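Data block below; observations after.
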Amino acid sequence: MTIQEFKTHIEGELRHKLKCDNEPTPILDRLELHLKDFDDYDLTDLLNPKNMKHDLYASFLFQICFPSRIKMDIDAEYTPIKKKRIAIVSCKSTKQDYTCSADEMYSVSPIYRIQREFFIKGYDDWYIMSSKYGIIHHTQIIEPYNNTVGVLSTYQKPENVIQGWDSSVINNIEKQLNWMVKHKSWEVDLHISMSYYKPLPKHIKEMCKHIRQPMGPGTPLKRYAEANNLLNTLPLDKILTHIPKRPNKQPEQNQWWYHPNYKKFFGTSGNLAIQYKKDGIQAGNAYNVGLGKVSQHKGWVTDKSFLDKLYQTDSGQWRLKR
């Protein structure tokens with residue numbers, strides 16, 4: 001929706017609210033000045049029925065058109081815009097395979113489900129940062145897709161992992177965050193991984209609070225479950241400092257690593273992850289193999305006797321014969 005289309009749309013509304021038959025030209029001109037930095041995304045959202053229900057439309061007109069007025073001498077009730085605090089969470093690699101709401105699309109992921117519970121209790125609303133769609137509301141209907149950004153997960157094929165963001169998606173995300181913080185005065189907390197956070201422009205990072213995501217198998221689930229329980233006793237800001245805390249890691253020694261398709265490797269899990277980064281080796285998962293907590297990661301083992309038991313599924317995932 002263009003500014004001119006927006007002006008045409010609200011002209012009748014202004015006449016009704018001001019109870020005047022004449023053209024409200026001065027008010028419209030003043031409105032256009034304030035709208036010069038808006039774009040189609042802003043104006044379309046302003047007329048969204050969901051926002052209309054909360055009187056955002058009337059509030060906006062009042063604040064822009066009557067900046068010096070203390071009281072409104074019109075019939076419509078005026079409800080001030082409530083400053084909201086919202087959460088934005090990374091999209092997940094595991095998704096539904098059919099068209100549905102973003103919330104349903106990512107609800108396959110147990111991490112998303114526990115995060116959603118935390119957002120419902122602790123925030124006014126939550127959005128999802130998608131590698132394909134940008135920032136979307138959890139109620140938005142989307143098509144399924146296979147791509148994710150950054151590190152290869154257990155459930156992702158290498159060809160579906162995006163090593164870098166599409167510039168158009170990042171530009172759209174920047175525009176959306178500017179709109180949320182500057183135009184709506186929302187307080188935005190980014191519950192996103194570093195793969196999603198690093199590409200953001202510096203001024204966006206300064207406007208939003210980043211809650212670093214805990215690493216390691218099971219750790220995000222544990223931290224957000226604890227955060228849910230803490231909401232009953234602690235303020236949100238205090239709880240947010242708990243989520244990214246890392247426990248002290250058990251010291252790791254250099255050792256031999258074995259794989260059916262590669263030469264044996266000597267070093268720590270961190271060394272292995274660096275050497276075979278292109279294969280999606282995750283340091284946290286390899287670390288657990290090195291400590292004997294799990295048997296293998298991406299086909300790598302520290303117990304040589306496991307080599308004969310390793311096999312690959314049709315999807316390329318490594319398994320151990322039981």
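Where a number appears in this text, it was derived from the coordinates with a stated rule and is not lab data. Just so it is clear, the model here is predicted, and its values are computed rather than measured.
Amide H contacts of Lys92 (H built 1.01 Å from N, in plane; Pro and chain starts excluded): no residue 5 or more places away or on another chain comes under 5 Å.
What number do you get for the range 198-239 when its Cα radius of gyration is normalised by 2.2 N^0.38 Å, N = residues? Cα-based Rg divided by the globular estimate yields 1.46. Residue separation of Gln255 and Ser167 scaled by 0.36 nm, minus their Cα-Cα distance, works out to 27.5 nm of gained length. When averaged across all projection directions, what area in nm² does the alpha-carbon convex hull of the range 283-322 cover? For the range 283-322, the mean projected area of the Cα convex hull comes to 2.9 nm². With a threshold of 27 Å on the Cα-Cα distance, the over-threshold entries among Lys83/Lys121; Lys184/Lys222; Lys278/Lys309; Lys222/Lys304; Lys198/Lys293 are Lys184/Lys222; Lys222/Lys304; Lys198/Lys293.
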